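The values are calculated or read from the model by the stated rules, or taken from the named source; none is laboratory data. From a predicted model like this one, the values you see are computed outputs, not experimental measurements. Here Cβ is always computed from backbone atoms with ideal geometry, including for glycine, and neighbour counts include all displayed protein chains.
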Amino acid sequence: MNVNWQYLLIVFILAAIVGGGTFWLSEKIEELPTAVSLLKAGESEEPEDKTAEENNLLEEKIGQGKQFLLRMEDEEKHGFHKYYYTLEDSFEERLHTVYSASIIYTLLKIYDFDGDERILEKIPEWGDFLLFMQNKNKESKGYGAFHYSLYLSPEEKEEKFVVGTAALSIFTLLDLYKKVQEEKYLASVRLAGDWLLTMQKEDGVMKPYQRYGDDEWYYGTKESLLYNGQVLAALSRLYNITQEEKYYNSALKIAGHFEKRVEEEGCFLGDEYRSPNPISSAWVVMALLDFYKVSPEEKYKEIIFKCSRELVKRQITETTDPLYRGRWTLAFSTSGNGWLAEVMMEMYRFCQNEEMAGCQNYKAAVIGVIQWLMQFTYSEENSSALPNPQQAIGGIFWDYNNKYVRTDSVCHALNGYVGTIPYLAE
């Protein structure tokens, strides 16, 4: 049967946007092909035709997503916005360091994919924003950390320093350093890494943040698996570049803490911010994967594959309902599922490199969640009722009930798209 899957996808998304959380399509699921068949493009096609169509679709979405992210830049400060409120055509009145770092990180990946010279040309301005947001005051307890955000009216840096912000900024600054070989980026990374060392407790757990208020400094006390994972990955990458033992020793403490938690509690983990969930669990996998690259011990490899296999099993596949098929149980937003797509893509590569069995399971998981994510993407067909349709195209809205775009949703999805294309022909 030949299926006009593009039309069905448009109908689905329009139903999502207009209907909020109520979808007539789900009631007719037995009568109509599902939206998650969009990458299959009809069973009557030859395999090479399907691959070409899949490639074209992903390339189109990468191009639209890239343009969306570029529009999120503040033209004066060259940082990026966290939110775009599509129904009001507005941004919040501040720029976030961590979302700026994440967007730059993704755009650098896209540059490696499509060679868009505009991205290279913008590196000096984007890099300067990240350096501007770093605390260079040697008398401050937050020396080397990054201000969480910049308020625009009036202009003021937020006196809050989050370990996750420093860690993800390290990801991006290291990529900038590799791309242009400017020492200022590596110097910034070292400062951030040294600050992270001051935020670690003896058991390896990171204090999540420090902030200034009422004339004194306050420290967060709750454990965050996301932050611990981000820091472990950042310190592992920093050690890989600098070979400085202090970064390795700090990373080792976090890896040991993760090892202990998995041994005692299993792979499905939560923390003092969240009950057990696949997003936090995926950070354990991804962070240990980064650490394994600098400390290739068998015990870490065993945890990585054990926990990633369990994550695959938690993906919703035994349904034909496009509202659910492809996303993860207890991961409801496009940001969380996009992150899982990114992790599964890295696991597919790692699995192949290690010559392990079952690698196709990770690829299938990526394809499944990409299909789910595309249902949430603004396009020409589904954005015409918005105040500024052209601004929204390429953005990925948060969930069925919230139509704003949080830019990390776009970043995670694009990272997954770019990583998937080379493997479609297999």
Candidates Leu373, Leu386, Leu414 - the one that is part of a loop (DSSP other than H, G, I, E, B) and either touching a helix residue (DSSP H, G or I) at 6+ places or on another chain (Cβ under 9 Å) or surrounded by 23 or more Cβ atoms within 10 Å (Cβ to Cβ) (or both): Leu386
Assess whether Glu355 counts as being over 16 Å from the mean Cα position of the chain (by Cα), assigned to a loop (DSSP other than H, G, I, E, B) and at positive phi. yes
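Limited to the range 302-325, what total is found for residues that are out of contact with any strand residue (DSSP E or B) (no Cβ under 6 Å at 6 or more places or on another chain) and either of a type in the set (Asp, Glu) or assigned to a loop (DSSP other than H, G, I, E, B) (or both)?
First, the residues of the range 302-325 that are out of contact with any strand residue (DSSP E or B) (no Cβ under 6 Å at 6 or more places or on another chain): 302-313, 316-325.
If we keep only those that are either of a type in the set (Asp, Glu) or assigned to a loop (DSSP other than H, G, I, E, B) (or both) as well, we get 302, 310, 316-325.
So the count comes out to 12.
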Scan the range 56-94 residue by residue and report those that are part of a loop (DSSP other than H, G, I, E, B) and either surrounded by fewer than 17 Cβ atoms within 10 Å (Cβ to Cβ) or of a type in the set (Gly, Ala, Ser) (or both). Asp74, Glu75, Glu76, Gly79, Leu87, Glu88, Asp89, Glu92, Glu93
Condition first: polar (S, T, N, Q) and either in a loop (DSSP other than H, G, I, E, B) or over 14 Å from Phe91 (Cα atoms) (or both). Now tell me which residues in the range 389-411 satisfy that. Gln390, Asn401, Asn402, Ser409
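Just give me the residues in the range 326-350 being part of a helix (DSSP H, G or I), of a type outside the set (Ser, Thr, Tyr) and over 21 Å from Leu232 (Cα atoms), in sequence order. Write out each step before concluding.
Pass one, the range 326-350, residues part of a helix (DSSP H, G or I): 334-350.
Restricting the remaining residues to those that are of a type outside the set (Ser, Thr, Tyr) gives 336-347, 349-350.
Residue satisfying the conditions is Asn337 alone.
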Inside the range 182-234, can you point out the residues that are of a type outside the set (A, V, I, L, M), over 25 Å from Ser275 (Cβ atoms) and part of a helix (DSSP H, G or I)? Glu183, Lys184, Tyr185, Ser188, Arg190, Gly193, Asp194, Trp195, Thr198
Do we have Ala101 as of a type outside the set (S, T, N, Q), at pLDDT below 95 and closer than 29 Å to Gly368 by Cβ here? no
Taking the condition of being assigned to a helix (DSSP H, G or I) and of a type in the set (S, T, N, Q), how many residues in the range 44-55 meet it? 2
Has the range 161-180 got any residue that is in a loop (DSSP other than H, G, I, E, B) and without any contact (Cβ under 8 Å) to a residue 12 or more places away in the chain? no
Test each condition in (1) under 24 Å from the mean Cα position of the chain (by Cα); (2) of a type in the set (Ser, Thr, Tyr); (3) more than 17 Å from Leu168 (Cα to Cα) for Tyr219 and report the one that comes out false. (1)
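Only one of Arg274, Arg237 is part of a helix (DSSP H, G or I) and touching a helix residue (DSSP H, G or I) at 6+ places or on another chain (Cβ under 8 Å); which?
Every option except Arg237 fails the conditions.
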Can you tell me which of (1) out of contact with any helix residue (DSSP H, G or I) (no Cβ under 6 Å at 6 or more places or on another chain); (2) over 29 Å from Asn55 (Cα atoms); (3) free of Cβ contacts under 8 Å to residues at least 24 places away in the same chain is the one Tyr292 doesn't meet? (1)
Please specify each residue of the range 103-117 satisfying the condition of being assigned to a helix (DSSP H, G or I) and not aliphatic (A, V, I, L, M). Tyr105, Thr106, Lys109, Tyr111, Asp112, Phe113, Asp114, Glu117
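Could you tell me which residue of the range 143-157 is nearest to His81 (Cα to Cα), considering only residues that are assigned to a strand (DSSP E or B) and within 21 Å of the chain's Cα centre (by Cα)?
Step one: of the range 143-157, the residues assigned to a strand (DSSP E or B) are 146-147, 149-152, 155-157.
Those left that are additionally within 21 Å of the chain's Cα centre (by Cα): 146-147, 149.
Details: Phe146: 16, His147: 15, Ser149: 10 Å.
Filtering first and then ranking leaves Ser149.
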Pairs please, first residue from the range 96-117 and within 18 Å of Lys160 (Cα to Cα), second anywhere and part of a helix (DSSP H, G or I) and among the acidic types (Asp, Glu), Cβ atoms under 9 Å, 6+ apart in sequence or on different chains. Val98/Asp408; Tyr99/Asp408
